[in-house]
Amino acid sequence: MKFFTIIITLWVATLGYAHPHLHWTPPGPGDVRGPCPMLNSLANHAYLPHDGKNIDVAITKKALLDALNIDEDLGQFLFENAIITNPVPNATAYSLADLSRHNVLEHDASFSRQDAHFGPQDVFDPKIFAETQSYWHGPVINVTMAAQARQARIRTSNATNPEYSLSPLGRGFSLGEAAAYLIILGDRDNHTARKNVVEYLFENERLPTKLGWQRPEPLVTFVELQDVMGKLYNETDPDIRTLARRGMHG
Ligand code: HEM
Ligand code: MG
């Protein structure tokens, strides 16, 4: 009896310490996914509904907090942006598929998805991702590499996609996405992330726990996100900082 008590106590202690993540299963028939590798991962782990549908404000905030330690205000902000992708007036929930609607939040020049002009903009595309990866020199991604990868994708889209566009909201989101992987997956003191950890999330849509990644501590806030977005912006060439439409260099 005593033996079992010890085993169970140790097991519970380990759970509390390592913050185990929910079981991962890939999307099945009827499940929807979208253009965000992190939200897709959270649905695969069932932090979000596994079918990817009917995601309301409470579900969004709880998933972001439980899985990633994202604070209430940033969770609220992200939900308020997500909800505009549901075309139904006064909707209170969105689906991961809604997030794929082009030029609402989804935008051109993604790190791992093709532009909507060329085909589906929601699914992982290894060829597009290869361009991004080619700027991640070495085992650790820093702010400069993240900024250069992002700007390369913007330059390529602008040069090849006759319908290229990136609205101010799209540009903001794109900077936020680069900041998000550095913060949520990386070393928050140095604004770096291990390349294999970031690649694992994109390629598997699964939290990279088996590579030693753990839920961030302390809370992730909007202030920190904006700080890293500012650093990325400063490392971006001036001519593409505001590149909104095809051919509008400078
Ligand atoms: C991409 C929404 C949370 C990381 C996207 C895109 C959308 C989106 C619409 C597609 C943009 C594009 O066209 O590339 C959301 C919403 C969130 C959320 C509504 C919360 C409710 C997060 C979090 C992370 C994250 C917490 C943390 C790492 C990314 C990354 C991309 C992305 C790295 C870029 C994918 C690419 O360019 O291929 N997100 N996202 N997102 N998101 Fe999220
Ligand atoms: Mg896109």
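Full extension of the segment from ASP227 to ASN190, taken as 0.36 nm per residue of separation minus the current Cα-Cα distance, would add 12.1 nm. Using C-alpha pairs below 8 Å separated by at least 6 residues, the relative contact order for region 179-250 is 24 percent.
Helices meeting the span-like rule in the chain (full DSSP H runs, Cα extent of at least 20 Å along the helix axis, mean Kyte-Doolittle score of -1.0 or higher): 2-18, 143-160, 168-185. Note that region 125-194, at 25 °C in a medium of 0.890 mPa s, gets a Stokes-Einstein diffusion coefficient of 192 µm²/s from its Kirkwood radius over C-alpha pairs. Working note: Debye formula, equal point scatterers on the alpha-carbon atoms of region 61-123, no solvent; log10 I(q)/I(0) at q = 0.17, 0.22, 0.25 Å⁻¹ is -0.68, -0.96, -1.04. When +1 charges are put on Lys and Arg Cβ atoms and -1 charges on Asp and Glu Cβ atoms, the dipole computed for the chain relative to its Cα centre reaches about 380 debye. Measuring against 31 Å, Cα to Cα, the residue pairs LYS53/LYS127; LYS61/LYS127; LYS61/LYS195 contain LYS61/LYS127 as the ones spanning a longer distance. The convex hull built on the alpha-carbon positions of the chain has an orientation-averaged projected area of 15.2 nm². Beta bridges assigned by DSSP with both partners in the chain are antiparallel in approximately 75 percent of cases. Per residue, the average separation of C-alpha pairs within less than 8 Å and at least 6 apart gives the chain a relative contact order of 20 percent. Rounded to the nearest 20 debye, the dipole magnitude of region 117-230 is 180 debye, with +1 charges on Lys and Arg beta carbons, -1 on Asp and Glu beta carbons, and the Cα centre as origin.
Note on region 123-250: the alpha carbon radius of gyration divided by the globular reference 2.2 N^0.38 Å gives 1.06. Paramagnetic label reach from SER134 (point 7 Å along Cα→Cβ; backbone nitrogen cut-off under 18 Å): within region 97-120, residues 109-115. For region 73-182, the C-alpha radius of gyration divided by 2.2 N^0.38 Å, with N the number of residues, is 1.11. With Cα atoms as the point set, the radius of gyration and Dmax of region 192-247 evaluate to 15.4, 43 Å.
Bear in mind that the values in this text are calculations on the coordinates, not laboratory data. Remember, it's a predicted structure, so these values are computed and weren't measured experimentally. We place every Cβ from the backbone using ideal geometry, glycine too, and count neighbours over all the protein chains shown.
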